[in-house]
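In what follows, a single structure is set out as structure tokens and then discussed.
The values are calculated or read from the model by the stated rules, or taken from the named source; none is laboratory data. Please read all numbers here as calculations on a predicted model, not as lab measurements. Cβ: placed from backbone, ideal geometry, glycine included. Neighbour counts: every protein chain shown. Side chains are part of the model used for accessible areas, which takes the heavy atoms of the whole protein and leaves out ligands, DNA and RNA. Shrake-Rupley method; radii C 1.70, N 1.55, O 1.52, S 1.80 Å.
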Amino acid sequence: MNTSMKSLVIIPAYNEEASILETVEDIRKNAPEFDYIVVNDCSTDQTLEVCRQNGIRVLSLPVNLGIGGAVQTGYVYAYENGYDEAVQFDGDGQHDAAFLNRMRDHMRKEGIDLLIGSRFIEGEGFQSTGLRRFGIRYFDRLIFGLTRQRITDPTSGMRMADRRMIRMFAESYPKDYPEPESVVAAIQSGMKVEEYPVVMRERQKGESSISPIRSVYYMIKVTLAILVERLRRKEYGK
């Protein structure tokens, strides 16, 4: 394996003062070979101060861009700094850094462009709420109907991209609730997309930004965006 290759963890964070330090310490302890960058999405709490006080590498956005804009900022950073892989990793403590090396090794071995951490392959750990599981199954079926590829956890925020995928996402990335839409974009662009079994934790601190009402809006909006993406069929070469 080429040890000179560089890997980056992108941590989008909005009002994650209660969990951002634990998230970074998890990476430092269990995936020390990975660099990391917190993208502070104009938090209104003490997220930025916690990062500065604990020597955490952080990019602080001057305005709130939402999850899509924060993650894309991370991909731009990864592309401009020559990273070979970049993995999105939520700042709320739900993801486990112990899986990062395994995902990277599998991705390199199999030549995968986008590797999605799925909590449903082996069914271990926190399986999300009933309402969200309904939405996940809905997007799983929608994506399969459009692409003929099964993605069991299309809303997973734990996904690792290779250099080709980094470039594509740095140039174009969905703004709101981007995970299902970006999966379709990757598949339609001819990228090799697969899943890898992971275990996720339940959020212990802070609050999710997706309420039941916003969940309905989310499903409608993302469905329309996926259908549009299906028509675009953008092609990216190696």
Worksheet item: Quick one: what pairs do we get from the range 19-31, first residue more than 15 Å from residue 87 (Cα to Cα), second of a type in the set (D, E, K, R) and open to solvent by 10 Å² or more (accessible area, probe 1.4 Å), C-beta under 7 Å, 6+ apart or different chains?
Response: 19/92; 19/205
Worksheet item: In the range 82-120, how many residues are in contact with a Gly (Cβ under 9 Å, 6 or more places away or on another chain) and part of a strand (DSSP E or B)?
Response: 4
Worksheet entry | Of all residues making up the range 137-162, the number that are among the aliphatic types (A, V, I, L, M) and under 15 Å from the mean Cα position of the chain (by Cα) | 4
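Take the residues in the range 82-91 that are within 11 Å of residue 8 (Cβ to Cβ) and not polar (S, T, N, Q), then tell me which one is surrounded by the fewest Cβ atoms within 10 Å (Cβ to Cβ).
The qualifying residue surrounded by the fewest Cβ atoms within 10 Å (Cβ to Cβ) is 82.
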Item to complete: Scan the range 64-81 and give yes if some residue there is open to solvent by less than 60 Å² (accessible area, probe 1.4 Å), touching an Asp or Glu at 6+ places or on another chain (Cβ under 8 Å) and assigned to a strand (DSSP E or B), otherwise no.
Response: no
Discussion item. For the condition basic (Lys, Arg), more than 13 Å from the chain's Cα centre (by Cα) and modelled with pLDDT under 90, what is the one hit in 203, 167?
Written reply: 203
Discussion item. Can you go through 122, 110, 85 and tell me which one is modelled with pLDDT under 95 and under 19 Å from residue 193 (Cα atoms)?
Written reply: 122
Practice prompt. Kindly indicate whether residue 220 is open to solvent by 20 Å² or more (accessible area, probe 1.4 Å), among the hydrophobic types (A, V, I, L, M, F, W, C), under 24 Å from residue 84 (Cβ atoms) and at pLDDT 75 or above.
Written response: no
Item to complete: Output the residues belonging to the range 31-63 that are closer than 13 Å to residue 16 by Cβ, open to solvent by 40 Å² or more (accessible area, probe 1.4 Å) and in a helix (DSSP H, G or I).
Response: 49
